[in-house]
Amino acid sequence: MKSLRLRLFLVLVAATGFVWLAAVVWIYTDSRSQIENILNRRLMEAARMVATLVDDEGIQMPVQPGGSPRVMPRLASGGSYNRHLSCQIWSFDGKLVGASDGAPSARLSDQSDGFSQRTIDGEVWQVFAFNDPKKHIHVLVGDNLSQRTQLERGIVGGVLLTAALILPILALLIWLSVSRGLRPLQQATQNLAARDAENLEPVDLSNAPSEIRPLIDALNRLFGKVVAARDHERSFIAYAAHELRTPLAGLKTQVQVALAARDAESRDKALRQTLLAVDRTARMVQQLLAMSQLDANQPSGAAGWIPVEQRLRDLAAMMDPKLRPQRVAFATDLDDLSIQMDENLFDLAMRNLMENALQMTPGEGVVRWAYRLADAGPTLSLEDDGPGIPAGERDLVVQKFFRGRNKSATGSGLGLAIVLEALGQAGARLQLGASTTLGGLTADVVIPAHKVRAHGQNIGGAVLAPSRAYRIGPLAPADGS
């Protein structure tokens with residue numbers, strides 16, 4: 001059932017019908033109890049009243065003209081009560097002393113005192129027996145239960161008839177009330193349907209009922225996210241187009257130079273520059289795709305325990321040989337060190353960190369990985385002996401397409417931004433500082449303590465023994481030096 005109006009209508013009608021049914025049951029039960037109490041008291045009063053009319057010689061009737069009372073064989077009763085209320089007077093020796101007109105010929109009850117029921121000629125009688133030992137009589141007053149049943153049915157029938165007449169009116173009122181109650185939701189739906197795709201302004205909440213305010217508020221938050229994502233996408237595309245324009249223009253220029261060159265040396269030089277431009281453009285496209293994936297929160301894969309040194313060696317071995325990844329050194333502190341992190345995010349962050357460090361490290365400069373315990377927590381550090389980043393630019397270089405004064409020739413300004421975003425999604429942090437040992441840049445990856453372990457055991461904030469021993473090169477054996 002997809003209609004909220006119909007669902008509410010059926011629920012309310014069913015609830016109303018249940019209330020009426022419960023009322024009928026309660027009225028029937030209560031009325032039956034009240035009727036039985038009233039009619040039973042009537043039987044008791046009638047039996048005692050009849051007993052007072054009887055003396056030791058029989059039933060006291062009005063005095064005859066001669067002045068003496070007489071005993072009548074039967075007592076007269078009202079016309080409409082002819083077969084509903086009957087009375088019998090029996091002596092202790094079992095003789096019928098008197099009876100009301102229309103009373104059954106059979107004895108109403110074999111019980112000498114109290115209430116009882118008896119079926120006579122197919123009719124059920126509720127009988128009260130009154131025993132008077134002084135007068136040696138039993139007074140039996142019976143009430144035909146068919147009268148009680150008719151009375152009870154009349155009460156229930158009246159309630160059901162009332163319900164049958166009122167329920168359709170209530171159903172109409174419920175339908176109108178539900179429709180009116182859902183009108184603000186319909187108006188909000190119509191307002192949203194009338195918007196074009198570019199209208200992402202927040203929906204007005206001033207006249208919205210409190211029940212649909214959470215829904216409209218959630219829509220407004222969604223609109224805000226869509227606007228932010230759209231603005232981010234537009235700015236990202238604009239930045240990407242601007243950054244790609246330069247290498248593409250360089251490619252075109254170098255190709256034109258190569259075509260116009262009259263000697264092999266000039267042509268080879270132009271082709272080498274073209275190759276460099278292609279490499280820079282390819283790296284930028286790769287980083288743009290990585291950043292787009294991070295912005296869309298698409299990195300997938302469950303967080304697993306990653307052997308740090310082996311994974312870093314694998315990443316270095318897959319890098320462009322022109323970066324000379326064999327310059328990467330691994331401290332012995334990384335031996336048997338594992339980090340719990342999404343593998344895709346780990347690879348993305350560490351590869352970009354190493355590429356950035358290798359690009360900024362001149363000549364035979366060294367890049368070093370180490371683990372240490374910093375004030376911020378367990379830290380995986382990468383140091384280089386490049387020019388470093390001035391303190392005033394360290395908060396800026398993690399922004400997209402920002403390139404500081406010490407920029408590389410093939411950089412695009414996306415590497416550290418990718419690292420920051422990937423680590424943020426993995427629950428880690430990036431801190432940049434000056435290297436105290438190599439003089440270049442130190443990139444610290446701060447990892448939550450419960451996600452770090454060594455030798456198969458969680459070490460959290462435990463201090464590893466500091467080591468100055470390093471294993472060189474991504475392809476060196478684990479026990480190399």
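The values are calculated or read from the model by the stated rules, or taken from the named source; none is laboratory data. What you are looking at is a predicted structure, and each value in this text was computed from that prediction instead of being measured. Here the Cβ is made from the backbone with ideal geometry for all residues, glycine too, and neighbour counts use every protein chain on show.
Just need a number here: residues in the stretch 333-343 that are within 23 Å of Q425 (Cβ to Cβ) and either part of a strand (DSSP E or B) or in contact (Cβ under 8 Å) with a residue 60 or more places away in the chain (or both).
Residues meeting the conditions: 6.
So if I check each of A317, A277, A240, A270, which one is at pLDDT 80 or above and surrounded by 15 or more Cβ atoms within 10 Å (Cβ to Cβ)? First the steps, then the outcome.
Numbers: A317 fails: surrounded by 15 or more Cβ atoms within 10 Å (Cβ to Cβ); A277 fails: at pLDDT 80 or above; A240 fails: at pLDDT 80 or above.
It is A270.
When you scan the stretch 375-392, how many residues do you find that are closer than 24 Å to R327 by Cβ, among the hydrophobic types (A, V, I, L, M, F, W, C) and under 47 Å from the mean Cα position of the chain (by Cα)?
2
From the list F330, F346, pick out the single residue that is part of a helix (DSSP H, G or I), touching a residue at least 40 places away in the same chain (Cβ under 8 Å), touching a strand residue (DSSP E or B) at 6+ places or on another chain (Cβ under 8 Å) and not β-branched (V, I, T). Outline the logic, then answer.
Numbers: F330 fails: part of a helix (DSSP H, G or I).
F346 is the lone residue from the list that is part of a helix (DSSP H, G or I), touching a residue at least 40 places away in the same chain (Cβ under 8 Å), touching a strand residue (DSSP E or B) at 6+ places or on another chain (Cβ under 8 Å) and not β-branched (V, I, T).
Could you check, for the stretch 333-354, whether at least one of its residues is closer than 17 Å to G439 by Cβ and surrounded by 21 or more Cβ atoms within 10 Å (Cβ to Cβ)?
Within the stretch 333-354, the first condition is being closer than 17 Å to G439 by Cβ, and the residues that meet it are none.
No.
Kindly indicate whether any position in the stretch 331-345 is out of contact with any Phe, Trp or Tyr (no Cβ under 9 Å at 6 or more places or on another chain), within 16 Å of I472 (Cα to Cα) and modelled with pLDDT under 80.
Yes, the stretch 331-345 has at least one match.
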